[in-house]
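Have a look at the structure below before the remarks.
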Amino acid sequence: MHPLLTELGVSEELQAYFDIDELRFDYGDEQEFFGPGFHLVPTTSDLWLAGNYPATELIITSSAMEALAYMALNAWRHPANTVLSFIAIGNLPHTRQLNWIRAYCQKRKITLVFGNDLLGRLADITVAAGIRNKALRLYWHNGKVQLTMNNTVFEADPEKLSLNSFEKAAGFRTCIRTRKPTRHNTFLEQLIHDKKQ
């Protein structure tokens with residue numbers, strides 16, 4: 001068990017489930033590091049993997065610590081008999097990652113856990129489209145986000161953009177859900193903030 005995680009309120013059972021003895025997480029050739037006052041997440045084409053394989057539900061996050069924080073705050077959402085696997089993609093979705101996830105995730109329930117900010121919502125859209133094998137391009141134009149898919153351009157207000165709104169505008173359903181914290185940008189920020197209270 002790691003004392004910093006225990007201090008943050010992460011249960012011994014959850015730490016054992018993720019097999020954590022140090023706060024360094026391997027993404028192939030890159031690593032994520034977490035400690036008091038810092039969190040370094042790599043930009044990589046590799047993945048961090050945890051949990052059970054094969055699994056009935058796949059949870060995709062930007063970092064291993066976000067996966068841990070999500071479960072610390074949301075374990076009640078997943079019944080004890082649910083077989084979960086976790087994938088962290090790092091700072092930026094990469095085509096190689098999305099291709100691997102698409103091959104792996106056949107017939108699995110998928111939950112995306114990215115931030116509440118614009119970058120997190122764009123990650124939701126990019127990852128969901130990539131998993132469903134849809135080529136997507138993102139642009140910033142005159143204060144709006146432009147998304148191009150199948151030679152069709154969609155424009156959205158950055159504050160109102162979400163995976164759901166994009167699916168409605170594009171006329172296709174990914175059948176992928178998202179989870180967002182209610183009071184903070186990320187579940188990790190919420191976990192840290194709640195501990196300070």
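The values are calculated or read from the model by the stated rules, or taken from the named source; none is laboratory data. Only a predicted model underlies this, so the values are computations on that prediction, with no experimental measurement involved. Methodologically, a virtual Cβ is constructed for each residue, glycine included, from the backbone with ideal geometry; neighbour enumeration extends over all protein chains shown. Accessible surface is based on the protein model in full, side chains and every heavy atom, while ligands, DNA and RNA are left aside. Shrake-Rupley method; radii C 1.70, N 1.55, O 1.52, S 1.80 Å.
Below are the figures for this structure:
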| quantity | calculated |
| --- | --- |
| Long-range amide H partners of Thr178 with built H, under 5 Å | Leu112 |
| Eligible aspartates and glutamates near Lys180 by straight Cα distance, threshold 13 Å, same-chain separation 8 or greater | Glu66, Asp117, Asp124, Glu189 |
| Across Lys134/Lys168; Lys144/Lys168; Lys109/Lys134; Lys109/Lys144; Lys160/Lys195, pairs whose alpha-carbon gap is larger than 23 Å | Lys109/Lys144; Lys160/Lys195 |
| Ellipticity estimate at 222 nm from DSSP helix runs (n ≥ 4, -39,500 (n - 2.57)) divided over the chain, nearest 500 | -9000 deg cm²/dmol |
| Potential extension, Asn74-Glu12 segment - 0.36 nm per residue separation minus Cα distance | 20.8 nm |
| Contour minus Cα-Cα distance for Lys144 and Leu92 (0.36 nm per residue) | 16.7 nm |
| Positive-end residue of Val153, Thr182, Trp140, charge dipole of the range 118-197 with Cβ unit charges | Thr182 |
| Pair Thr56, Phe33: separation of 7 Å Cα→Cβ label points (nm) | 4.0 |
| Heavy-atom accessible area per residue - the chain, 1.4 Å, Å² | 53 |
| Positive-pole candidate from Tyr53, Pro3, Gly171, dipole of the chain, charges at beta carbon | Gly171 |
| Under-5 Å amide H pairs with Thr44, H placed in peptide plane, nonlocal only | Asn91, Leu92 |
| 0 to 90° range, to nearest 10: angle between helix 187-196 axis and the chain longest Cα axis | 40 |
| Ordering of 119-128, 96-105, 19-28 by burial proxy (mean other Cβ atoms within 10 Å per residue, highest first) | 119-128, 96-105, 19-28 |
| Estimated dipole of the range 83-124 in Debye, rounded to 20 [Cβ of Lys and Arg +1, of Asp and Glu -1, Cα centre] | 260 |
| Protection proxy ranking of 62-71, 152-161 - average other beta-carbon atoms within 10 Å, highest first | 62-71, 152-161 |
| The range 120-127 - phi-based ³J(HN,Hα) in whole Hz, Karplus 6.51/-1.76/1.60, Gly and Pro as x | x, 5, 5, 4, 3, 5, 5, 5 |
| Solvent-accessible area, 1.4 Å probe, carbon plus sulfur percent, for the chain | 50 |
| Residue-wise HN-Hα coupling along the range 59-70, computed from phi with Karplus coefficients 6.51, -1.76, 1.60 (Hz; x: Gly, Pro) | 10, 10, 10, 7, 8, 4, 5, 5, 4, 5, 5, 4 |
| Calculated FRET value between Asn151 and Leu118, using beta carbons and R₀ = 25 Å, to 0.05 | 0.55 |
| Model label zone, Met1; criterion: amide N under 16 Å from point 7 Å along Cα-to-beta-carbon; scope the range 67-96 | 72 |
